[in-house]
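The next block holds one structure in the form of structure tokens; read it before the comments.
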Amino acid sequence: QVQLVESGGGLVQPGGSLRLSCAASGIIFRLYVMGWYRQAPGKERELVADIASGGSTNYADSVKGRFAISRDNAKRTVYLQMNSLEPEDTAVYYCNGKTGDFEVWGRGSLVTVSS
């Protein structure tokens, strides 16, 4: 069964940190470009960061220098380390995997940044 399962979301104060994890099953993980997207209330889903199989990364301008994406192909897991969190980072964060014409999404993990 093809599945992406996110974990690590929650409530954090401004300036704090969280690490999201996404565990994949049912796919040849190393062949996939893995990414994190987010959707804030009333806004469209947007790319936060992605990482190719070889490790090259891409970030949204709004998170550069604060967030870091990484992957462990042996564990079939992708991570998003989020530092210096701001209230504007509040959103549901979705894990995504793409290869060729095939795409898979996780169910999402809520991150709330609030004092």
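The values are calculated or read from the model by the stated rules, or taken from the named source; none is laboratory data. As the structure is a prediction and not an experimental result, all values here were calculated from the model. Because the Cβ atoms are built from the backbone with ideal geometry, glycine has one as well, and the counts that use them run over all protein chains shown. Ligands, DNA and RNA are stripped out before the accessible areas are found, and what is left, the full protein with its side chains, is counted by its heavy atoms. Shrake-Rupley method; radii C 1.70, N 1.55, O 1.52, S 1.80 Å.
List of remarks:
- Counting the residues of region 85-99 that are surrounded by 17 or more Cβ atoms within 10 Å (Cβ to Cβ) and of a type in the set (Asp, Glu) gives 1.
- Residue match in region 11-29 (condition: open to solvent by 40 Å² or more (accessible area, probe 1.4 Å), in contact with a strand residue (DSSP E or B) (Cβ under 8 Å, 6 or more places away or on another chain), in contact (Cβ under 8 Å) with a residue 24 or more places away in the chain and under 13 Å from LEU110 (Cα atoms)): yes
- So PHE102, is it open to solvent by less than 30 Å² (accessible area, probe 1.4 Å) and more than 15 Å from VAL5 (Cα to Cα): no
- Answer residue from region 61-79, given it is among the aliphatic types (A, V, I, L, M), assigned to a strand (DSSP E or B) and open to solvent by 10 Å² or more (accessible area, probe 1.4 Å) and is nearest to VAL12 (Cα to Cα) among those: ALA68
- Identity of the residue in region 1-60, in a strand (DSSP E or B) and of a type in the set (Val, Ile, Thr), that ends up farthest from VAL78 (Cα to Cα): VAL12
- A residue that is within 13 Å of ARG19 (Cα to Cα) and open to solvent by less than 10 Å² (accessible area, probe 1.4 Å) cannot be found anywhere in region 49-58.
- Checked against the criterion of being over 19 Å from GLY108 (Cβ atoms) and in contact with a helix residue (DSSP H, G or I) (Cβ under 9 Å, 6 or more places away or on another chain), the candidates ARG66, ARG38 yield just one match: ARG66.
- Assessment of region 90-113 against the conditions (over 15 Å from the mean Cα position of the chain (by Cα) and closer than 19 Å to GLY8 by Cβ) yields at least one matching residue.
- Residue under evaluation MET82, criteria (1) open to solvent by less than 20 Å² (accessible area, probe 1.4 Å); (2) touching a Cys at 6+ places or on another chain (Cβ under 8 Å), criterion not met: (2)
- So GLU6, is it at pLDDT 95 or above, open to solvent by less than 30 Å² (accessible area, probe 1.4 Å) and among the charged types (D, E, K, R): yes
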